[in-house]
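To keep things clear, I will list the structure first and then write my remarks on it.
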Amino acid sequence: MELRVPKKLNILGIESSCDDTAAAIVHGCPGGTGEVLSSIVVGQTNLHAAFGGVVPEIAARAHVEKLDVTVRQALVQADLTLQDIDGIAVTAGPGLIGGVVSGVMLAKGMAAATGKPLYGVNHLAGHALTPRLTDGTKFPYLMLLVSGGHCQFLIASNPHEFRRLGGTIDDAPGEAFDKVARLIGLAQPGGPAIENAAKNGDSKRFKLPRPLLDRNDCDMSFSGLKTAALRTRDAIISERIGLTPQDQADLAAGFQAAVADVLAEKSRRALREYLKLSPQNPTLCVAGGVAANYTIRSELKRVCDEMAVGFAAPPLALCTDNAAMIAYAALAQMPDRLPDDMGLSAKPRMPLDTSSPTMLGHGKKGAKA
Ligand code: KG4
Ligand code: ZN
């Protein structure tokens, strides 16, 4: 009897939902593992630096200028031509609509011109499926997405099924890191600047709140913490003219410890929910720029050790926004989905779990679900 070996495909991924223009090629079998042949990410940080946040119009224009170049670079890096591509996957939402439209239009144009199948992908599914690409993590696993634009706990049961256990009701944690860094005179992006300053700080000098820990659910809030940091800063300034480097370090350390405590305690609660499913190899995965923070990572690892759960964090380049995760998500979903037609539209909001109530948070990087 002849065994049918599923054909391996080359999937081109395109991502433009926020402030990174990205293209990548992933090689693998539908529903199987994947190999990243190339991954190009062109950031826009310096274009937005003067405005204190991502400006959607500027982001959209920069995507239009850079998308075709990144696709070309991804092909060159993989040593392939467009003829070698078997499918085109593109982020169809959620995100800043101008950017998402730019990517979707390019993908549709390429699909129409080449006759290759088109796959619209949910950006959050891309993040949530990354541990399968990088670590082969077994379903079901618990995912904590923490970046400048996202903050949610998801149970991933298969490539199509994600249950949201909770998320932020206002700012994403990365957004709070960026805002607090600005308030206390540190550079952008605020996460690394705060982490660095906090190394010389006393996290106990200032009493900052741990929002929503009194609520026995998995929802989070970081906006009040940011306001508390602002009040603390103003109180110091009212006593003397400005902040000393030690004041900055102590405030940075206090803020970082508060975020780490909230994420750790909410992870404990989310893990309790997840463990009710009796997973074979229970795993907590983290993704997003905030997962780069050593204090936060160590706290999450400690919670996992306490609860005898594995801990996985994909390499940072695949943890933050990229197009390999979009190509891989299409590949993973392919056995149970059809390609999209030219009716594929870009969506600013696109919840992964449509059965959970809509989250309120918008933030500087657009809608969070
Ligand atoms: O995932 P990402 O590159 O982009 C999106 O937000 O989609 O995450 C960037 C965010 C920024 O807000 C940045 O300040 C934060 O992640 N971040 C960190 C650290 N490195 C980056 N936050 C805390 N500690 C860090 N070391
Ligand atoms: Zn993202």
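The values are calculated or read from the model by the stated rules, or taken from the named source; none is laboratory data. Model, not experiment: these values are computed from the prediction. Here the Cβ positions follow ideal geometry from the backbone for every residue, glycine too, while neighbour counts run over all protein chains shown. The protein model used for the area step is the full one, side chains on, heavy atoms only, and it has no ligands, DNA or RNA in it. Shrake-Rupley method; radii C 1.70, N 1.55, O 1.52, S 1.80 Å.
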Inside segment 292-304, can you point out the residues that are near ligand 1 (Cβ under 8 Å from one of its atoms) and not hydroxyl-bearing (Ser, Thr, Tyr)?
292, 293, 296
Say whether the condition of being on the phi > 0 side of the Ramachandran plot and either in contact with a Lys or Arg (Cβ under 9 Å, 6 or more places away or on another chain) or assigned by TED's automatic domain parsing to the domain that holds residue 339 (or both) is met by at least one residue in segment 6-27.
no
Hey, among 348, 314, 335, 339, which residue is modelled with pLDDT under 95, in contact with a Pro (Cβ under 7 Å, 6 or more places away or on another chain) and over 20 Å from residue 167 (Cα atoms)?
314
Would you confirm, using the coordinates I've provided, whether residue 275 is assigned by TED's automatic domain parsing to the domain that holds residue 153, more than 16 Å from residue 177 (Cα to Cα) and either within 16 Å of ligand 1 (Cβ to nearest atom) or open to solvent by 40 Å² or more (accessible area, probe 1.4 Å) (or both)?
yes
Which strands (runs of 3 or more DSSP E) does segment 9-118 wholly contain that include 3 or more residues that are over 18 Å from the mean Cα position of the chain (by Cα) and among the aliphatic types (A, V, I, L, M)?
9-15
Quick one: which residue in 69, 54, 64, 90 is surrounded by fewer than 17 Cβ atoms within 10 Å (Cβ to Cβ) and not acidic (Asp, Glu)?
69
Name, by its number, the condition in (1) over 20 Å from the mean Cα position of the chain (by Cα); (2) crowded, with 20+ Cβ neighbours inside 10 Å that does not hold for residue 307.
(2)
Among the residues of segment 150-192, the number that are closer than 18 Å to residue 318 by Cβ, away from ligand 2 (no atom under 15 Å from the Cβ) and either open to solvent by less than 10 Å² (accessible area, probe 1.4 Å) or touching a Gly at 6+ places or on another chain (Cβ under 7 Å) (or both) is 1
Output the helices (runs of 4 or more DSSP H) that fall wholly within segment 249-362 and possess 1 or more residues being within 16 Å of ligand 2 (Cβ to nearest atom), or say none.
316-319, 324-333
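Yes/no matrix, rows are residues, columns are (1) at positive phi; (2) more than 16 Å from ligand 1 (Cβ to nearest atom); (3) hydrophobic (A, V, I, L, M, F, W, C):
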| residue | (1), (2), (3) |
| --- | --- |
| 77 | no, yes, no |
| 81 | no, yes, no |
| 84 | no, yes, no |
| 88 | no, yes, yes |
| 111 | no, yes, yes |
| 115 | yes, yes, no |
| 121 | no, no, yes |
| 128 | no, no, yes |
| 132 | no, yes, no |
Show the residue pairs that are 6+ apart or on different chains and have beta-carbon atoms under 6 Å apart, the first residue being within segment 47-58 and on the phi < 0 side of the Ramachandran plot, the second being among the β-branched types (Val, Ile, Thr).
47/58; 48/54; 48/55
Which one is nearest to ligand 1 (Cβ to nearest atom), of the residues in segment 97-109 that are closer than 30 Å to residue 155 by Cβ and touching a His at 6+ places or on another chain (Cβ under 9 Å)?
99
So the check is Cβ under 6 Å with 6+ separation or different chains; which pairs have a first residue in segment 71-93 that's within 19 Å of residue 35 (Cβ to Cβ) and a second one that's open to solvent by less than 70 Å² (accessible area, probe 1.4 Å) and part of a helix (DSSP H, G or I)?
88/107; 88/110; 88/111; 89/326; 89/327; 89/330
So is residue 325 within 15 Å of residue 9 (Cβ to Cβ), out of contact with any strand residue (DSSP E or B) (no Cβ under 7 Å at 6 or more places or on another chain) and crowded, with 22+ Cβ neighbours inside 10 Å or not?
no
Looking at segment 337-355, can you tell me whether even one residue there is β-branched (Val, Ile, Thr) and surrounded by 15 or more Cβ atoms within 10 Å (Cβ to Cβ)?
no
Residue check: is residue 147 open to solvent by 10 Å² or more (accessible area, probe 1.4 Å), more than 16 Å from ligand 1 (Cβ to nearest atom) and among the hydroxyl-bearing types (Ser, Thr, Tyr)?
no
Selection status of residue 114, open to solvent by less than 10 Å² (accessible area, probe 1.4 Å) and either under 19 Å from residue 10 (Cα atoms) or of a type in the set (Asp, Glu) (or both)
no
